[in-house]
Amino acid sequence: MTPAQVEIAASDAASEPDVDVAKMDEALEAVATVEAVVKESEESFPRVVNEADDEQNSKGQGVFSMMESVPDCHKYKLSILQPNDPKLFFKVVKKEIKLLTSSLPDGIHVKAFEDRMDLYSVLIKGPRRTPYEDGLFLFDFQLPAEYPQSPPQCHYVSYCSDRLNPNLYEGGKVCVSLLGTWSGKASLILVSEPYYNEAGYEQQRGCQHAFENSRMYNEMVVLKLVQSMGRMILNPPEVFREEIEQHFRDNADRFVNRLEGWLRLSDAWHTSCPGSQATPETLKAFAEQGDYGVAGSSAFPDFPLLPASRGFCLTLRKALTGFKEILKSQGLGCLAQISQGQSH
C-alpha cells in the first residue's frame with residue numbers, strides 16, 4: 001500500500017458517521033511511517049545509480065538503490081496488498097532497507113521502489129567457480145500482507161527453455177526452504193554441482209554414476225546459460241537494463257573465451273585419448289601440454305564438466321556463434337568494438 005492509498009483510506013473513514021478514532025490514528029501513523037521511510041531512502045540512495053553504487057562496489061559488496069516507480073515488467077505490479085498490521089509492516093521494511101544498504105553480498109543488486117514499498121527486484125551474478133559464472137539471474141519479490149510473519153513471494157524471470165537449475169522453474173517458481181516452497185534441506189542454489197540440489201540426490205554423492213550425471217547436468221547448465229544470456233541481452237528488463245549492458249561490456253569476452261577454452265581442451269582430449277576415462281589429475285596434466293587457454297588458470301573448472309561430450313561441444317560451438325553475433329549486434333564486448341572500428 002502506498003502512502004497515497006493509506007491517506008485515501010483514512011479520508012474515507014473520516015467521512016463515515018461512526019468514526020473509529022483508533023483505526024484512523026493508526027492509518028495516519030502508518031502514513032507518517034511510510035513517508036519517513038521514503039524520505040530517508042531518497043536522502044540515502046539516489047534514484048540514478050551513480051556514486052553510491054560505485055562506493056559499494058569498491059568495497060566488494062552488493063548494491064541497493066531506489067527507483068521512483070515500479071516498472072511495468074515487475075511480476076507483482078498489479079498485485080495490490082493492504083498490510084494486516086501497517087505499523088509493524090513499515091517498521092520492519094524500514095529496518096530491512098537499512099540492512100540492505102550495508103550487508104548485501106558482492107554480486108547482488110537490489111532495487112526498491114518509492115511508490116510500492118512491498119516490491120523489490122533483484123539481480124544476482126552467477127558465482128565464480130560454478131557453471132553459472134558470468135551469468136545473470138533476475139528475481140521479482142513482493143512482501144505479503146502478513147509480512148514479516150509470512151515469507152515474500154518470489155518470481156524467477158526465466159530467459160531459457162526448461163530449467164537451468166533444479167530450484168528455478170521456467171514458469172518462474174523458485175523452490176527454496178526459506179520461501180516455504182521447498183521441503184528439502186536448506187542449501188544454496190547457484191552452486192558448482194546443481195545436480196545434487198534435486199530432492200534426494202545428495203545421498204548419491206560419491207558414486208561414479210552420480211558423478212557422470214552431475215557432469216552431464218553441468219553441460220546442460222552451460223548450454224542453457226548461453227541461451228539465457230543471449231535472450232536477456234536482446235530483451236533486457238527495464239529495471240536492470242543499464243546494469244545488464246554494463247555487465248556484458250565488462251565480462252562477455254571473458255565468458256566466451258572461457259567456454260571456447262573448454263571446447264578446445266575437450267576436442268583435443270577426444271582426439272588424443274579416444275575412449276579414455278579422464279580424472280581431474282590426468283586432465284590438468286593434459287591441459288598443461290597444450291595451448292587451450294585453461295591450464296593453471298581460473299578458467300579450469302573445479303566442478304565435473306571436462307572433457308565435455310562431443311555432442312555438447314557441437315551444440316555449444318553453435319550456441320557461441322549465435323551469442324557472439326548478439327554481442328556484436330548490441331555493441332558489447334571487445335569483439336564488437338573491434339568490428340565497429342573496422343567498419344568506419
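Condition check ((1) touching a residue at least 60 places away in the same chain (Cβ under 8 Å); (2) under 15 Å from the mean Cα position of the chain (by Cα); (3) under 15 Å from residue 317 (Cα atoms)) across all residues:
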residue: 224; (1), (2), (3): yes, yes, yes
residue: 247; (1), (2), (3): yes, yes, no
residue: 259; (1), (2), (3): yes, no, yes
residue: 276; (1), (2), (3): no, no, no
residue: 285; (1), (2), (3): no, no, no
residue: 288; (1), (2), (3): no, no, no
Just to be sure I understand, how many residues within segment 76-96 are out of contact with any Leu (no Cβ under 9 Å at 6 or more places or on another chain) and under 17 Å from residue 239 (Cβ atoms)? 1
Against the conditions (1) surrounded by 12 or more Cβ atoms within 10 Å (Cβ to Cβ); (2) at pLDDT below 80; (3) more than 26 Å from residue 196 (Cα to Cα), where does residue 326 fall short? Just the number, please. (2)
Scanning segment 110-140 for residues that are free of Cβ contacts under 8 Å to residues at least 60 places away in the same chain and within 12 Å of residue 76 (Cβ to Cβ), which turns out nearest to the chain's Cα centre (by Cα)? 139
With the requirement that a residue be of a type in the set (Val, Ile, Thr) and either assigned to a loop (DSSP other than H, G, I, E, B) or not assigned by TED's automatic domain parsing to the domain that holds residue 318 (or both), what does segment 263-292 give you? 279
What number of residues within segment 192-215 are farther than 20 Å from residue 176 by Cα, among the hydrophobic types (A, V, I, L, M, F, W, C) and out of contact with any helix residue (DSSP H, G or I) (no Cβ under 8 Å at 6 or more places or on another chain)? 2
Residue ID - modelled with the lowest pLDDT, chosen from residues in segment 158-197 that are under 15 Å from the mean Cα position of the chain (by Cα) and of a type in the set (Val, Ile, Thr): 176
Can you spot a residue in segment 97-115 that is farther than 26 Å from residue 165 by Cβ and in a strand (DSSP E or B)? yes
Close pairs from segment 142-158: first closer than 23 Å to residue 239 by Cα, partner hydrophobic (A, V, I, L, M, F, W, C) and assigned to a loop (DSSP other than H, G, I, E, B), Cβ under 6 Å, at least 6 apart: 152/143
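Scan segment 118-126 and give yes if some residue there is modelled with pLDDT under 95 and crowded, with 21+ Cβ neighbours inside 10 Å, otherwise no. Let's see the steps before the verdict.
To start, the set of residues in segment 118-126 that are modelled with pLDDT under 95 comprises none.
Among the residues of segment 118-126, not one is modelled with pLDDT under 95 and crowded, with 21+ Cβ neighbours inside 10 Å, which makes the answer no.
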Breaking point among (1) hydrophobic (A, V, I, L, M, F, W, C); (2) under 17 Å from residue 216 (Cβ atoms); (3) at pLDDT 90 or above, for residue 283: (3)
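Residue 110 - would you say it is of a type in the set (A, V, I, L, M), touching a Gly at 6+ places or on another chain (Cβ under 8 Å) and within 30 Å of residue 252 (Cβ to Cβ)?
On the way: of a type in the set (A, V, I, L, M): yes; touching a Gly at 6+ places or on another chain (Cβ under 8 Å): yes; within 30 Å of residue 252 (Cβ to Cβ): yes.
Considered against the rule, which asks whether it is of a type in the set (A, V, I, L, M), touching a Gly at 6+ places or on another chain (Cβ under 8 Å) and within 30 Å of residue 252 (Cβ to Cβ), residue 110 comes out as yes.
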Subset of segment 65-88 (residues that are more than 18 Å from residue 154 (Cα to Cα) and free of Cβ contacts under 8 Å to residues at least 60 places away in the same chain): 65, 66, 68, 69, 85
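The values are calculated or read from the model by the stated rules, or taken from the named source; none is laboratory data. Here the structure is a predicted model, which is why all the values come from computation and not from measurement. Every residue, glycine among them, receives a Cβ derived from its backbone with ideal geometry; neighbour counts consider all protein chains shown.
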